[in-house]
Amino acid sequence: MLDVRNLSYAPAGALILDHVSLSVGKGEFVALIGPNGAGKSTLLRHAAGVLPPPRGTLFLDGRDRSDLDARTAARIAAYVPQAREPDIPFTAGEIVLQARYPRLSTWGRQTEEDRRRAAAAMEEVGIDAMADRVFATLSGGEQQKVLLAAAIAQDASILLLDEPTTFLDPPGKDEIFRLMEGARRRWGIALLVVTHDINRASVCADRIVALREGRVVSDGVPGEVATAGVLREVYGSEFLLAAHPVSGRPMVLPRIGGEEG
Amino acid sequence: MAPVRRPGRTLTAFFLFFLAVLFAAPFIGPESIGPGDLFSGGSTTRLFIFWTLRVPRLLLGLFAGAALSLAGMSFQTLFRNPLATPFTLGVSSGAAFGVSVAVLTGLSGGLMMSSFEATPLFALGGAFLVVIILYRLARSGSGLSTLHLLLAGVALSYFFSSLLLFAQYAADFTQTFRMVRWLMGNLETIGYAPALALLPALLYGVAILLINRRELDLLLCGEEIARSRGVPVDYLRKQLYFVASILTAVTVAACGPIGFVGLVVPHVLRLLLGESHGKLIAGSLLLGGPFLVACDAVARNVVGGSELPVGIVTALLGGPFFLYLLICRRRRSAGAR
């Protein structure tokens with residue numbers, strides 16, 4: 001689905017990505033973690049076509065992204081940026097329908113199918129009631145959901161999400177993760193999610209990839225990556241871990257109040 | 001809460017306004033001409049005034065108003081800034097400088113802008129000089145840096161304005177008068193040549209903008225979203241820059257810099273129709289032209305006998321109207337919170 005091979009990115013001499021390789025299989029849920037500035041978002045932006053990847057470093061469905069025209073690539077990968085475009089002047093319904101763009105004919109005519117898919121995505125995410133509201137008047141969580149619904153309506157085979165749960169309260173975070181899971185189950189969409197939420201990544205993701213200073217430090221199932229040793233290497237600090245009472249997956253506990261002596 | 005919009009009805013209303021202006025405007029003027037004069041062998045003077053002065057003036061106004069609205073809409077989308085106008089990047093200062101050169105070198109004809117005259121060519125030359133310098137300054141990699149475009153545009157605008165001041169200082173009394181008159185913006189015309197000269201650029205602009213209407217919608221959502229949805233942002237920005245510049249340049253060459261149409265009309269359209277570019281383009285064609293023609297009718301008739309240049313009227317009407325829109329908008333957004 002998505003294959004990154006030895007991708008390096010060093011604008012103006014600053015090494016942001018250093019020979020990064022990772023892959024996301026069909027229908028797979030991969031979480032990308034790491035400290036701020038590790039290059040997570042930059043990696044995602046290359047996959048999304050916001051930054052052009054060099055030839056031979058990034059493959060979508062087995063095809064080199066630099067050979068694909070932008071619309072073809074957008075039919076394979078859809079992107080949910082961090083919600084930092086609050087001044088989008090369109091309504092929620094318009095934004096979701098616009099995401100059908102890579103599926104439109106050259107003349108840009110929207111068909112019944114486009115409207116149907118947009119409506120289905122909005123219903124899936126539970127924002128059909130706010131279709132006529134302008135993006136700027138929505139709350140942070142609602143904006144995040146609109147962008148998620150748009151990415152689903154784009155009908156791609158992989159979703160790239162950049163910190164989709166920042167600024168959300170705990171139930172909101174749960175809901176976004178549940179929606180991503182739902183999209184995967186219902187449409188078979190693969191997910192690559194940049195997040196600081198190690199716990200929810202540990203519970204939901206098939207694999208976790210940890211990045212530090214532009215390099216992949218660890219790549220494996222949550223039980224392999226969310227360990228005290230790996231997390232120390234990734235974040236440069238100690239972690240206190242426990243097992244989730246239901247799934248047994250590793251959970252990060254706050255160290256404050258947990259230190260001895 | 002956003003107001004309930006009915007784009008279909010609004011566009012129909014614009015179309016009716018368009019028709020009303022189309023049929024009423026040629027009959028309005030100091031010399032009263034009725035529809036009867038056209039058929040029952042009316043006086044040749046009246047027929048001449050109607051077919052050689054008024055109808056060409058109507059067409060020029062319709063084309064120029066539409067072109068300015070489209071150019072304003074394009075620059076606002078390109079910069080994602082609602083305050084951008086067709087003249088933000090100094091295209092009109094370049095044109096004004098071109099005109100001052102024409103006047104100074106004696107290549108410009110009489111006071112009236114007749115059809116065969118060098119002034120529009122010099123205006124076009126000055127405008128394109130600015131367009132090309134700016135393009136070279138703002139080119140970055142495969143794209144166009146909108147920040148550089150904006151900054152260089154403002155700088156260049158000041159530079160050419162000071163050149164214009166210098167030209168006015170060097171000119172004699174009548175020459176200065178002619179330059180200032182041109183700067184006011186006017187739809188005065190004899191014959192169809194100026195209107196016809198505008199038409200190819202207008203058709204080209206409408207075609208390019210219509211083909212790219214979906215891409216423009218996405219560009220308004222921000223560069224990241226546009227790129228990730230498959231919009232060739234770099235190419236689109238270049239196209240948008242050239243379309244808007246050409247529309248502005250030919251319009252300024254034909255009528256001088258008529259201000260505020262390119263700011264006010266797209267704003268009204270966004271308010272009434274929403275932001276989708278398909279509707280904005282249709283609205284620009286249906287409202288932009290008639291708006292300018294109506295302003296011109298007011299300019300020629302309200303101040304008895306003395307035919308004001310339309311540029312003065314659009315500025316007089318447009319400025320306060322824009323402030324009114326701003327206040328409405330602030331009230332609405334305050335209510336939404």
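Comparing B:PHE322, B:PHE173, B:PHE23 in a Gaussian network model of chain B where C-alpha atoms under 10 Å apart are linked, the largest mean-square fluctuation is found at B:PHE173. For a straight C-alpha distance cut-off of 19 angstrom, the lysines reachable from A:LYS145 (same-chain residues fewer than eight places away being disregarded) are A:LYS173. In chain B, helical runs assigned H by DSSP with n ≥ 4 each contribute -39500 (n - 2.57); averaged across all residues and rounded to the nearest 500, the mean residue ellipticity at 222 nm is -23000 deg cm²/dmol.
Taking a ≥ b ≥ c as the square roots of the eigenvalues of the Cα gyration tensor, the range B:233-309 is oblate, since a/c reaches 1.5 or more and a/b is not larger than b/c. For the range A:2-253, rounded, prolate or oblate, judged on the Cα gyration tensor with a ≥ b ≥ c (square roots of eigenvalues), a/c < 1.5 rounded, else prolate if a/b > b/c? Taking the square roots of the gyration eigenvalues as a ≥ b ≥ c, the range A:2-253 is oblate. Note on surface exposure: B:THR10, A:THR137 rank A:THR137, B:THR10 by accessible area, highest first, 1.4 Å probe.
Largest accessible area first, the listed residues B:TRP51, B:TRP182 line up as B:TRP51, B:TRP182 when surface is computed with a 1.4 Å probe on the assembled protein chains. Measuring r between the beta carbons of A:VAL221 and A:ASN36 and using R0 = 25 Å, the FRET efficiency lands at 0.50. Could you tell me which helices of chain A pass both thresholds, a Cα extent of 15 Å or more along their own axis and a mean Kyte-Doolittle hydropathy of at least 0.5, with helices taken as whole DSSP H runs? Long hydrophobic helices here: A:140-153. Buried accessible area between A and B (1.4 Å probe, both chains summed, ligands and nucleic acids excluded), in Å² to the nearest 100? Interface between A and B: roughly 2300 Å².
Take each complete run of DSSP H in chain B, measure how far its Cα atoms stretch along the helix's own axis, and keep only those covering 27 Å or more with mean Kyte-Doolittle hydropathy at least -1.0; list them. The answer, listed by residue number, is B:55-78, B:119-138, B:146-170, B:193-211, B:233-255, B:310-336.
Solvent-accessible surface (1.4 Å probe) assigned to A:ASP87 amounts to roughly 90 Å². You can think of it this way: the chain between B:GLU31 and B:LEU137 has 33.1 nm of extra reach, that is 0.36 nm per residue less the Cα-Cα gap.
For chain B, just say rounded, prolate or oblate: build the C-alpha gyration tensor, square-root its eigenvalues into a ≥ b ≥ c, call rounded for a/c under 1.5, and beyond that prolate if a/b exceeds b/c, oblate if not. It is oblate, given that a/c is not under 1.5 and a/b is not larger than b/c. Note on B:THR174: accessible area approximately 90 square angstrom, rounded to 10, probe 1.4 Å, nucleic acids and ligands left out. Label-to-label distance for A:HIS19 and A:VAL246 is 4.2 nm, based on points extended 7 Å past Cα in the beta-carbon direction.
Model label sites at A:TRP187 and A:ASP206, defined 7 Å from Cα along the beta-carbon direction, differ in position by 1.8 nm.
Structure remark: mean-square fluctuation, Gaussian network model of chain B, C-alpha springs under 10 Å; the largest value among B:LEU273, B:LEU196, B:LEU247 belongs to B:LEU196.
Springs join every pair of Cα atoms under 10 Å in this Gaussian network model of chain B, and among B:LEU240, B:LEU83, B:LEU323 the largest mean-square fluctuation is at B:LEU323.
Residues of the range B:185-214 that bury at least 30 Å² of accessible area when the other protein chains are present, relative to the chain alone (probe 1.4 Å, heavy atoms, ligands and nucleic acids excluded): B:ILE211, B:ARG213, B:ARG214. Counting only DSSP beta bridges with both residues in the protein assembly as shown, the antiparallel share comes to about 55 percent. Placing +1 on each Lys and Arg Cβ and -1 on each Asp and Glu Cβ, with no other charges, gives the range A:2-253 a dipole about its Cα centre of roughly 420 debye. Considering amide H positions built from the backbone, and no H for Pro or chain starts, which residues 5 or more places from A:LEU211, or on another chain, come under 5 Å of its amide H? Here the answer is A:ILE33, A:GLY34, A:VAL217, since their amide H atoms fall under 5 Å of that of A:LEU211.
With all protein chains in place and ligands, DNA and RNA left out, the 1.4 Å accessible area ranks A:SER139, B:SER69 as A:SER139, B:SER69, largest first.
Applying both filters, DSSP loop and at most 10 other Cβ atoms within 10 Å, to the GluC sites (Glu not before Pro) of the range A:171-261 gives A:GLU259, A:GLU260.
The values are calculated or read from the model by the stated rules, or taken from the named source; none is laboratory data. All of these numbers come straight from a predicted model, not from anything done at the bench. Every residue, glycine as well, gets a Cβ built from its backbone with ideal geometry; the counts of neighbours run over all protein chains shown. With ligands, DNA and RNA removed, areas are computed over all heavy atoms of the protein, side chains included. Shrake-Rupley method; radii C 1.70, N 1.55, O 1.52, S 1.80 Å.
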